[in-house]
Amino acid sequence: MDVPKVIIFDTTLRDGEQTPGVCLEASEKLEIAQALAKLNVDVIEAGFPVASPGDFASVSQIAAQVKGPVIAGLARAEQKDIDAAVQALTKAQRRRIHTFIATSDIHMQHKLKMSRLQVLERAIDAVRYAKKFTEDVEFSAEDASRSDWDFLCQIYEGVITAGATVINVPDTVGYTTPDEFGALIRYIREHVANIDKAIISAHCHNDLGMAVANSLAAFRNGAMQIECTINGLGERAGNVALEELVMALHTRSDYYQARTEIDTRQLYRTSRLVSALSGIMVQPNKAVVGDNAFAHESGIHQHGVLNNASTYEIMRPENIGISRNSIVLGKHSGRHAFEQRLNILGYELDEQNLTALFIRFKELADRKKIIFDRDIEALITDRPAVKPEWYRLAYYQVVSGDKTLATACVKLETNVGSIEQASCGSGPVDAAFKAIEQAVGFAVDLKDYQLKAVTAGEDALGEATVWIEQDNRLFIGRGLSTDIIEASAKAYLNAINKMLAACGCPAEKQIAGRAQ
Ligand code: KIV
Ligand code: ZN
């Protein structure tokens, strides 16, 4: 039987990037957009082009290079925003302008300082203007769930007449409940005279933990597009988690009678990629993609699953791209076996990247007996994202103990020679960071630091993440090693290199003055 398709609109790169502490480089955004295309989402909201030159450049790059999904750009209901979105989307195969204005009394009174009539006229004008550039125009009534329902219907009717092809109903502050939101969608469906000319979309936030439930209720009442983000990233408590929504529709297709075109086997890998690049870890008990989502602790459960997985598993891990066989390769594994394993995990690398990764795999296999899938995934997401890499860690040494002041010595390689410095600190990581600061010759504003083991075992890979700030901008650095001090030092340098690339690099001469 042919069941209706739910359109998956991904806003990881726009609403998701508004997560506190997240700041993605253009190359990282492109990598995520490519992963989303592989996941087969229908629409990628690539950014908010008018917001900054960086956002504009990144939307343009995604529009030019990512094929398949519709590429959307966000714009307030203002001509200059729409112009920026149009320009950024010029090279997209298929493009959408997504324009919005707030419609709740609270927002109109306290934020916009506009009357209902003014908002209505502005929304209609914006859609009419956007329509001159593209057929595909989405209109969002920000804070719709706290807006007057009849005013909302009036505004949706007006924008559809002006040419909107999608009308989005955001629960901007995550205030609604499933029954209430379902009823609102039904009300819109029944009271907007020209609703048959547009698709209804739902955009929910997760402040009360109900974003997925609210979106499913919206679908049950006529919303055919759902807006979501990978891992539920987003402002405050985040948005609808794409993987949860898709797997709910997929696993309970008997109930929802709907389908998506998502390649669910790419879900896990995309979740890991977004987590690594955003620096936002996935909680272990997170539905679908958390570490414990398929772990069975109790003996009774383990026994049941061994006899028949369906006793305690409602989804198959393979269907979201998690392999059951997690012990994979070791020091004697060849390139062919390595490539095969990558393919099973859903990665297809070109020759150059494959060769580089295979070298790193061999180096790791020398330090670690068994290489798990998680190790391979960590290696893949650990490619240096900044070019040029101004500073590279050549060597480090630390001395620490409970009765000694920790000291570290680091040697950094640059294109014009090397720099060596030593420093003390309150622990080995602190000492290494201070020695690096002395080597680069400026103070670094460290905001946060995290360390986690990629897998279990005493020879596990450690993954360090650091956040540094410069001119109110955050830069995230990552480092990977079986040695946690090395992982931390690499993460620190990675963040510093990113900062230098974005804020203007030190002149080579200046480095040369300190390098030997
Ligand atoms: O939450 C919200 O209202 C939004 C709109 C811009 C769609 O993100
Ligand atoms: Zn939002």
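The values are calculated or read from the model by the stated rules, or taken from the named source; none is laboratory data. Note that this is a predicted model, so its numbers are computed, not measured. So basically every Cβ, Gly included, is an ideal-geometry build from the backbone, and we count neighbours across all protein chains shown.
Quick check, is Gln421 in contact with a Cys (Cβ under 8 Å, 6 or more places away or on another chain) and not assigned by TED's automatic domain parsing to the domain that holds Asp366?
Taking the combined requirement at face value, the residue satisfies it.
Being surrounded by 24 or more Cβ atoms within 10 Å (Cβ to Cβ) and either closer than 16 Å to Arg259 by Cα or not assigned by TED's automatic domain parsing to the domain that holds Lys38 (or both) is the filter here, so list the residues in segment 213-224 that pass it. Outline the logic, then answer.
Start the filter on segment 213-224 by keeping residues that are surrounded by 24 or more Cβ atoms within 10 Å (Cβ to Cβ), which leaves 214-218, 223.
Selection gives Ser215, Leu216, Ala217, Ala218, Ala223.
Under the condition of being more than 13 Å from ligand 1 (Cβ to nearest atom) and among the hydrophobic types (A, V, I, L, M, F, W, C), which residue from segment 225-257 is surrounded by the most Cβ atoms within 10 Å (Cβ to Cβ)?
Once the filter is applied, the top-ranked residue is Leu242.
Which of the following residues is touching a helix residue (DSSP H, G or I) at 6+ places or on another chain (Cβ under 9 Å), more than 16 Å from ligand 2 (Cβ to nearest atom) and polar (S, T, N, Q): Asn206, Asn214, Asn194? Write out each step before concluding.
Working: Asn206 fails: more than 16 Å from ligand 2 (Cβ to nearest atom); Asn214 fails: more than 16 Å from ligand 2 (Cβ to nearest atom).
The conditions single out Asn194.
Go through segment 46-62 and count every residue that is in a helix (DSSP H, G or I) and surrounded by 24 or more Cβ atoms within 10 Å (Cβ to Cβ).
Residues of segment 46-62 that are in a helix (DSSP H, G or I), as a first pass: 49-51, 53-62.
Filter once more, keeping what is surrounded by 24 or more Cβ atoms within 10 Å (Cβ to Cβ): 49, 58-59, 62.
The total comes to 4.
Got a sec? Which helices (runs of 4 or more DSSP H) wholly within segment 220-336 have at least 2 residues that are within 16 Å of ligand 2 (Cβ to nearest atom) and modelled with pLDDT of 95 or more?
Helices (runs of 4 or more DSSP H) meeting the threshold: 242-251.
Please specify each residue of segment 160-187 satisfying the condition of being in contact with a helix residue (DSSP H, G or I) (Cβ under 8 Å, 6 or more places away or on another chain), within 16 Å of ligand 2 (Cβ to nearest atom) and of a type in the set (A, V, I, L, M).
Ile167, Val169, Val173 - these are the residues of segment 160-187 that are in contact with a helix residue (DSSP H, G or I) (Cβ under 8 Å, 6 or more places away or on another chain), within 16 Å of ligand 2 (Cβ to nearest atom) and of a type in the set (A, V, I, L, M).
Quick one: what pairs do we get from segment 210-228, first residue on the phi < 0 side of the Ramachandran plot and of a type in the set (Ser, Thr, Tyr), second within 15 Å of ligand 1 (Cβ to nearest atom) and outside any helix (DSSP H, G or I), C-beta under 6 Å, 6+ apart or different chains?
The qualifying pairs are Ser215/Ala202; Ser215/Cys204; Ser215/Ile226; Ser215/Val240.
Hey, Ala126 hits all of (1) within 16 Å of ligand 1 (Cβ to nearest atom); (2) out of contact with any Phe, Trp or Tyr (no Cβ under 9 Å at 6 or more places or on another chain); (3) more than 23 Å from Glu235 (Cα to Cα) but one; which does it fall short on?
It is condition (2) that Ala126 fails.
When you go through (1) part of a strand (DSSP E or B); (2) within 22 Å of Tyr268 (Cβ to Cβ); (3) acidic (Asp, Glu) one by one for Glu413, which number turns out not to apply?
(2) is the only condition that Glu413 fails.
Residues of segment 10-45 being β-branched (Val, Ile, Thr) and buried (at least 24 other Cβ atoms within 10 Å of the Cβ), which ones? First the steps, then the outcome.
Here is the first cut: in segment 10-45, the residues β-branched (Val, Ile, Thr) are 11-12, 19, 22, 32, 41, 43-44.
Selection gives Thr11, Thr12, Ile32, Val41, Val43, Ile44.
If you take just the strands (runs of 3 or more DSSP E) that sit entirely in segment 426-516, which of them hold at least 1 residues that are crowded, with 24+ Cβ neighbours inside 10 Å?
Because the criterion is at least 1 residues that are crowded, with 24+ Cβ neighbours inside 10 Å, the strands (runs of 3 or more DSSP E) in segment 426-516 that meet it are 462-470, 473-481.
Condition first: hydrophobic (A, V, I, L, M, F, W, C), buried (at least 24 other Cβ atoms within 10 Å of the Cβ), more than 16 Å from ligand 2 (Cβ to nearest atom) and within 29 Å of Gly321 (Cα to Cα). Can you find one or more residues in segment 79-90 that meet it?
No, segment 79-90 has no match at all.
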